[in-house]
1. Of the numbered conditions (1) more than 26 Å from Gln56 (Cα to Cα); (2) out of contact with any Phe, Trp or Tyr (no Cβ under 6 Å at 6 or more places or on another chain), Gly171 fails exactly one; give the number of that condition.
2. In region 194-207, what residues are surrounded by fewer than 22 Cβ atoms within 10 Å (Cβ to Cβ) and either in contact (Cβ under 8 Å) with a residue 60 or more places away in the chain or aliphatic (A, V, I, L, M) (or both)?
3. Failed condition for Val249, given (1) β-branched (Val, Ile, Thr); (2) touching a Ser or Thr at 6+ places or on another chain (Cβ under 9 Å); (3) surrounded by fewer than 22 Cβ atoms within 10 Å (Cβ to Cβ), with all others met?
4. Go through region 145-158 and give me each residue that's surrounded by fewer than 16 Cβ atoms within 10 Å (Cβ to Cβ) and not in a helix (DSSP H, G or I).
5. Given the structure, is Lys81 in a loop (DSSP other than H, G, I, E, B) and in contact with a strand residue (DSSP E or B) (Cβ under 8 Å, 6 or more places away or on another chain)?
6. Take the conditions of a type outside the set (A, V, I, L, M), under 24 Å from Tyr77 (Cα atoms), surrounded by 14 or more Cβ atoms within 10 Å (Cβ to Cβ) and at pLDDT 95 or above and apply them to Phe317. Does it pass?
7. If I go through region 256-297 residue by residue, how many of them are more than 24 Å from Pro98 (Cα to Cα), surrounded by fewer than 16 Cβ atoms within 10 Å (Cβ to Cβ) and either hydroxyl-bearing (Ser, Thr, Tyr) or in contact with a strand residue (DSSP E or B) (Cβ under 9 Å, 6 or more places away or on another chain) (or both)?
Amino acid sequence: MSVISRRTLLQAAAFGAAVPRFALAQEPLKLATMVVGSPAGGTTDKLARMYAEGLQQHYAKTVVVDNRPGAGGVIAYDYVKRSGVKDGSLFFISPAYPIVITPHLVSNLPYDPLRDFVPVATTGRSGMTFAVGPGTPASVKTLADYLAWVKANPKQGLYAAQTGSSQHLMGAIMAQATGVALENVSYKGDAPALQDTLGGHVPAVVLPIAAALPLHKQGRIRVLAVARSTRSRYLPEVPTFTELGYKDVLFQDWLGMFAPADTAPARVRELSQLVGEIQRSPQGTEALQLMGMEPDVMAPEAFAEALKADWQRYGAFVQRTNFREIYEKASGR
């Protein structure tokens, strides 16, 4: 665990001062901890650090980020569940998959995401991308090029993604939609998956736009398609899977903030309001844009309803692609 570094996207003082103050029901906490279930350097970690900067001095005098990677977020979220903390000083930021996908894959999860946690707010939204790195020939410039290359070289049909994640599931749906055999190479998060892709050890990678954008702009990876209904404003030159004839490859995931189920409602409401203020502030909007993300302000009640809908939607994806079997094979279960 470490106190938030000043070397993030925004300076704490400037960012914190920019967040409008409203009447807090209680005094700011002395210390708050934001748990992240993935390693430092990944998309979720960067987002958490941005919010920690904005919350500091408003929600709590000091906000720290506690990275607890492993088991696809299970270790981190089980820690939050077992903490017994109810005063609002402990919460976590998560992508969608540990909340609405993993429960369809693992029977003995130590937590029930709909029962053990209270949704605080959505913290941003990012579509998924399919990209290739130095491990593919320079001649692979389009998705059609990639699919033809893999058909000619079946052993190269590997892509990097965290096991059981939205990225992993998207790869399974992509394989089903294109009729090309693709196999996941498992990682604990976006950062290590990217590292091996950039090193040429894995030919391709499935990433949120937030993680893929800077490397695509630098020419270090080539994003071949985005899994959105429309082109991303951040990658306007990249076609959607729908444009290319694969309408089922559609993933535009949220990231959200959650707290233990017994957290004081007043603290949940304050935290949710502050998250919304951060997203709407010029600095917050700019920070999200720099990460290739879009603002997505959703209060606790609306977020809870969206969770239920996504639970059903992803459950249908898992069943249609036999993804549980794919996951069990990849994870050695």
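The values are calculated or read from the model by the stated rules, or taken from the named source; none is laboratory data. If you're wondering where the values come from, they're calculated on a predicted model, not measured in any experiment. Heads up, the Cβs are rebuilt from the backbone with ideal geometry, glycines too, and the neighbour counts pull from every protein chain shown.
1. Tallying (1) more than 26 Å from Gln56 (Cα to Cα); (2) out of contact with any Phe, Trp or Tyr (no Cβ under 6 Å at 6 or more places or on another chain), Gly171 fails exactly one: (2).
2. Once the filter is applied, which keeps residues that are surrounded by fewer than 22 Cβ atoms within 10 Å (Cβ to Cβ) and either in contact (Cβ under 8 Å) with a residue 60 or more places away in the chain or aliphatic (A, V, I, L, M) (or both), region 194-207 yields Leu198, Gly199, Gly200, His201.
3. For Val249, the failing item is (3).
4. Across region 145-158, the qualifying residue is only Asn153.
5. No: the conditions fail for Lys81.
6. No: the conditions fail for Phe317.
7. Count: 1.
Each row is one residue, and each column tells you yes or no for (1) touching a strand residue (DSSP E or B) at 6+ places or on another chain (Cβ under 6 Å); (2) outside the structural domain of Val106 (by TED's automatic domain parsing); (3) surrounded by fewer than 18 Cβ atoms within 10 Å (Cβ to Cβ); (4) among the aliphatic types (A, V, I, L, M).
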{"position": "Ala131", "(1), (2), (3), (4)": "yes, yes, no, yes"}
{"position": "Leu143", "(1), (2), (3), (4)": "yes, yes, no, yes"}
{"position": "Gly164", "(1), (2), (3), (4)": "no, yes, no, no"}
{"position": "Glu183", "(1), (2), (3), (4)": "yes, yes, yes, no"}
{"position": "Ile221", "(1), (2), (3), (4)": "yes, yes, no, yes"}
